[in-house]
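Engineer: One structure coming up, written as structure tokens, with questions to follow.
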Amino acid sequence: MDDSFESVIEKQLSEISDAKTLHSDIDLAFNLQMEEAITASLSLQPSSSAFNSPLKIASFVSVTNNVDEDDVLHDYTALLLEDIERFDQERRDREACENLMREMREDLDRRIHDQNLANEILNIPDDEWENYGDHYHRPYGDDGGSSSSFPLINELALVNSESFKVYCKGLKSKELIREMNVVVGGVGVAICDSRDNVIFEVSKGLEEDSCGKGKEVSSEEAVQIEALIEGLNAALSLDLKNVTFFCDDFMVYQYVTGRVQPIQNRISTLVNQVSLLQKKFTDCKPSLVARNDVKFAFKLARDAIVSQITWSTESGKGKKSSKETCVICFEDTDVGQMFCVDGCLHRYCFSCMKQHVEVKLLNGMEARCPHEGCKSEVSIDACEKFLDPKLVEIMIQRKKEASIAVPEKVYCPYVKCSSLMSKNEVLEYTNAFVVGAEKSGARKCVKCHYFFCINCKVPWHNNLTCYDYKRSKPPCAEDAMLDSLAKKKLWRQCVNCSHMVELAEGCYHITCRCGYEFCYTCGAPWKNKKATCGCQIWDERNIIRNGQRQ
């Protein structure tokens, strides 16, 4: 096909050259005939006018008659040559792309062979490897033990037998570009082998027919299906036979599996395209996964969006930099000074993120993405770029507190430490130093390394029970003040976790933050949502009105 195409091009170029030569010869003959005719006509009626000179008249007629024709012929020839050159360039580009894809498939086939060989070697017993390891080999292309050393590259049997994973993600987002609100879309595709090693990736923005200027981007479902189409086309370009494509949109999964028929014509057309592409594979099936499972494709889609909302500017000394608009402060900021939230990849400038995180910490809350409706947590490691180290420690502490259930929390009783630990954590740490720590109640702090009692939350009292220790040690001033304040405010102590509880309003049925239920009057436990004591369930004096107890 390539040889015939080149011969057609050469033939067309030869014909164009012959046509130009023939036209030039005909034009020359016509001009000579016109000069002879005009000269013969003027010889019968001579004139003194310089304009009537035979040479002048012949030149004038030749020029006036041939300028337009030459221009038309030149334009036509130039356009034809441009078309031929463009077609030839497209052919060369297509050949280069096909060669590149062929090399990628061959490299992939070789990589699968190497991985399979490595797994086989790992499963060989050590004694057998010591005896025969030096003679163990399987060159690429060895067909099931055949002695031939020529690689079976054309067949690519390993690639054709392997099942590949196609992770797809389509995003649309409202962004701010130079004080203009725009809606942009992006597609991310990651093709992986059976071991989730990435072998091919795609990151591209949606074209104008999907998110044209001044128009709303297609629905999120349509954008997601376009990502599936892009992923399947990429798999076809690699000539993969068996694929599973993944998406995290439940409705899209329902559409492509045929369980739900789309109502919108746009969605229906895209679903049909996916169905047609599936038929081109030996085996192609969809799969619904969680968002975290497509996070690599998600990042590629987000990168495609970011590439559309940045622009280059020339700063001082002729240096160029990329700018992006922060949607909080509306300032144009260098891309390197933009913070990207892990999980959702929303982007804000360092200054705005610093203020946002500080305000959340000061209010005793965890820092999350500022984007409306987004619940992605802000990474602690990433905050080290713009936060004070003390605030980073607070974030680590808050995250640890949130991850430990209330009944499992343990604080070191030493005032200078007060480190937070879980019961399991401190027990495992203590078992490495003390035998029978679980029965004795002795624990070793993982931070200050001092021993304390897990039962009464005091420094370790060796050879003394918790009861004897409390009798031998007078209460400290802080504990005495706490007891006095608790009696004055009518606070109660949970018998399960020892936390103080105050009845603000309502009945005497108390549910502690550790989950333990008891009577606020006498402390008796509640079982099956019923009191085990005879105390009143509520008292009119505990009804709160206008902020005061009546």
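The values are calculated or read from the model by the stated rules, or taken from the named source; none is laboratory data. None of these values were measured; they are calculated from a predicted model. Glycine also receives a Cβ, built like all others from the backbone with ideal geometry; neighbour counts cover every protein chain displayed.
Engineer: Please go through segment 306-350 and give me each residue that is farther than 20 Å from V183 by Cβ, of a type in the set (D, E, K, R) and in contact with a strand residue (DSSP E or B) (Cβ under 7 Å, 6 or more places away or on another chain), ordered by number.
Structural biologist: E314, K320, E331, D334
Engineer: Going through segment 318-364 one residue at a time, which ones are among the β-branched types (V, I, T) and under 28 Å from A297 (Cα atoms)?
Structural biologist: The answer is T325, V327, I328, T333, V335, V341, V357.
Engineer: Examine segment 139-146 for a residue that is surrounded by 12 or more Cβ atoms within 10 Å (Cβ to Cβ) and at pLDDT 70 or above, and state whether such a residue exists.
Structural biologist: Within segment 139-146 (the criterion being surrounded by 12 or more Cβ atoms within 10 Å (Cβ to Cβ) and at pLDDT 70 or above), the answer is no, since none of the residues qualifies.
Engineer: Can we say G205 is within 29 Å of L100 (Cβ to Cβ) and modelled with pLDDT under 90?
Structural biologist: The answer is yes for G205.
Engineer: Ok, one more. Considering every residue within segment 383-395, establish whether at least one is surrounded by 16 or more Cβ atoms within 10 Å (Cβ to Cβ) and not hydrophobic (A, V, I, L, M, F, W, C).
Structural biologist: Within segment 383-395 (the criterion being surrounded by 16 or more Cβ atoms within 10 Å (Cβ to Cβ) and not hydrophobic (A, V, I, L, M, F, W, C)), the answer is no, since none of the residues qualifies.
Engineer: Within segment 151-194, track down each residue that is in contact with a helix residue (DSSP H, G or I) (Cβ under 6 Å, 6 or more places away or on another chain), part of a loop (DSSP other than H, G, I, E, B) and either at pLDDT 75 or above or acidic (D, E) (or both).
Structural biologist: Answer for segment 151-194, where residues must be in contact with a helix residue (DSSP H, G or I) (Cβ under 6 Å, 6 or more places away or on another chain), part of a loop (DSSP other than H, G, I, E, B) and either at pLDDT 75 or above or acidic (D, E) (or both): just E162.
Engineer: Of all residues in segment 355-375, which are touching a strand residue (DSSP E or B) at 6+ places or on another chain (Cβ under 9 Å), within 22 Å of P389 (Cα to Cα) and either of a type outside the set (A, V, I, L, M) or not assigned by TED's automatic domain parsing to the domain that holds D388 (or both)?
Structural biologist: The answer is H356, K360, E366, R368, C369, P370.
Engineer: Determine if segment 321-342 includes at least one residue that is under 21 Å from V198 (Cβ atoms), surrounded by 20 or more Cβ atoms within 10 Å (Cβ to Cβ) and not charged (D, E, K, R).
Structural biologist: No: zero hits.
Engineer: Where residues in segment 500-543 are within 26 Å of M481 (Cβ to Cβ) and of a type in the set (A, V, I, L, M), which of them is modelled with the lowest pLDDT?
Structural biologist: A504
Engineer: Would you pick out the residues in segment 379-398 that are farther than 17 Å from V341 by Cα and of a type in the set (D, E)?
Structural biologist: Residues satisfying the conditions are D388, E393.
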